[in-house]
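A.B. asks: Structure provided below as C-alpha cells; questions to follow.
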Amino acid sequence: MTRRLILSLTFLCALTMTAMAQNARKILDATAARMTKSGDVSARFKATQYNGTTPQGNTSGSMLISGRKFKMTTDELITWYDGTTEWSMMKGSNEVNVSSPSEEEQTAINPVALVGIYKKGYRFTVKESTLRGRPTYVIYLVAKNAKAAFSYIIVDVDKANYDPMCIRAKKGDDWMRLSILSFQNGLSHPAATFTFPEKDYPGVEIIDLR
C-alpha cells in the first residue's frame with residue numbers, strides 16, 4: 001500500500017510539474033509575442049547590477065526596440081544596435097566606440113532577447129504573485145546546461161496583458177535586474193533609429209573595436 005501511494009504521488013508530482021512547465025511556456029510565448037509581433041516597442045527601465053545580494057550600481061533610461069535592434073539612452077550613455085553592429089557613446093565625450101557584441105552581451109542588454117532566451121534549454125516553473133500592486137505571473141527558468149549564458153532567470157509578467165515587468169538574470173555570483181517601468185508596443189520606429197547618426201555628431205571620433 002505504501003509503495004502504491006509513493007508511486008501515485010510521484011506520478012501526480014510529475015504531471016503537476018509538466019503542467020506547470022507547459023503553462024509557464026505559454027505565458028512566456030505570450031510575453032515574447034507582445035515584444036516581437038505587435039509592432040515596435042518603447043520602454044522605460046531601471047537596471048541594477050548585484051554581486052550576490054550587494055548592489056554594484058544602477059542606471060535608468062529608455063529603449064526603442066524593433067526585434068533584436070534597439071536604441072538605449074541613459075544619463076551616461078547612448079547605444080545604437082542594428083542587429084549586427086553596436087555604437088556606444090558616453091554623453092559629453094567626443095568619441096563613439098563601434099563593436100560587434102556577442103549574443104550573450106547583446107542578450108544582457110535587450111529585454112526582447114532576454115525574454116526569448118527561454119527557448120534555448122531552460123526548465124520552467126510558474127507561480128502567481130503581485131508586483132507594484134499588479135497581479136503577476138512569476139516564471140522561474142533554470143538552465144539545463146552549465147555553460148548557458150545565464151544559469152537562472154526570473155521573469156515577472158503582468159497577468160492582465162502579459163507585459164514584462166521585471167527580468168532578473170544570474171551569471172556566476174552576479175545578478176542583473178531589469179525593472180521595466182513602462183512598456184508600449186504597436187509602434188513603428190524608422191530603421192535609422194538603430195544606427196549611429198554621424199551627421200548629428202560632427203567631429204566625433206569613431207573608434208572601431210571590431
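Values quoted throughout were computed directly from the atomic coordinates according to the rules given, and no laboratory measurement underlies them. Here the structure is a predicted model, which means the values were calculated and not measured. Reconstructed Cβ throughout: ideal geometry from the backbone, glycine too, with neighbour counts over all protein chains shown.
A.B. asks: List the aspartates and glutamates whose Cα sits under 13 Å from the Cα of Lys127, skipping any in the same chain fewer than 8 residues away.
C.D. replies: Asp156, Asp158
A.B. asks: Ranking request for peptides 56-65, 78-87: highest mean number of other beta-carbon atoms within 10 Å first, then the rest in descending order.
C.D. replies: Numbers: 56-65: 15.7, 78-87: 18.4.
The most tightly packed comes first, giving 78-87, 56-65.
A.B. asks: Under a point-charge model restricted to the Cβ atoms of Lys and Arg (+1) and Asp and Glu (-1), what is the dipole moment magnitude of the chain relative to its Cα centre, in debye to the nearest 20?
C.D. replies: 1380
A.B. asks: Around Ala43, with a cut-off of 12 angstrom between Cβ atoms, what is the net charge of the other residues, counting Lys and Arg +1 and Asp and Glu -1?
C.D. replies: +2
A.B. asks: In the neighborhood of Ser60, defined by Cβ-to-Cβ distances under 11 Å, what is the net charge if each Lys or Arg adds +1 and each Asp or Glu adds -1?
C.D. replies: Computed value for this residue: 0.
A.B. asks: Let me ask you something else. Quick one: which residues, 5+ away or cross-chain, put their amide H under 5 Å from the amide H of Val96? H built at 1.01 Å from N.
C.D. replies: Excluding prolines and chain starts, which carry no amide H, the hits are Glu205, Ile206, Ile207.
A.B. asks: Does anyone have the angle between helix 2-36 and the longest principal axis of the chain? Alpha-carbon axes, 0 to 90°, nearest 10?
C.D. replies: Computed tilt is about 20 degrees.
A.B. asks: So what are the ³J(HN,Hα) numbers for region 170-175, from phi and the Karplus equation (6.51, -1.76, 1.60; θ = phi - 60°), rounded to whole Hz, Gly and Pro as x?
C.D. replies: After applying 6.51 cos²θ - 1.76 cosθ + 1.60, I find 10, 9, x, 8, 9, 10 Hz.
A.B. asks: Please compare each pair in Lys26/Lys171; Lys46/Lys147; Lys69/Lys147; Lys71/Lys199; Lys144/Lys170; Lys46/Lys199 to a cut-off of 20 Å on the Cα-Cα distance and tell me which ones are over it.
C.D. replies: Going by Cα-Cα distance, Lys26/Lys171; Lys46/Lys147; Lys69/Lys147; Lys46/Lys199 fall outside the 20 Å limit.
A.B. asks: Could you give the C-alpha radius of gyration of the chain expressed as a fraction of 2.2 N^0.38 Å, taking N as the number of residues it contains?
C.D. replies: Numbers: Rg = 19.8 Å, N = 210, 2.2 N^0.38 = 16.8 Å.
Against the empirical 2.2 N^0.38 Å value, I get 1.18 for the chain.
A.B. asks: Now for a different question. Name the residue from Met176, Leu28, Ile78 whose Cα lies farthest towards the positive end of the charge dipole of the chain, charges +1 on Cβ of Lys and Arg and -1 on Cβ of Asp and Glu.
C.D. replies: Among Met176, Leu28, Ile78, the one farthest towards the positive end of the dipole of the chain is Leu28.
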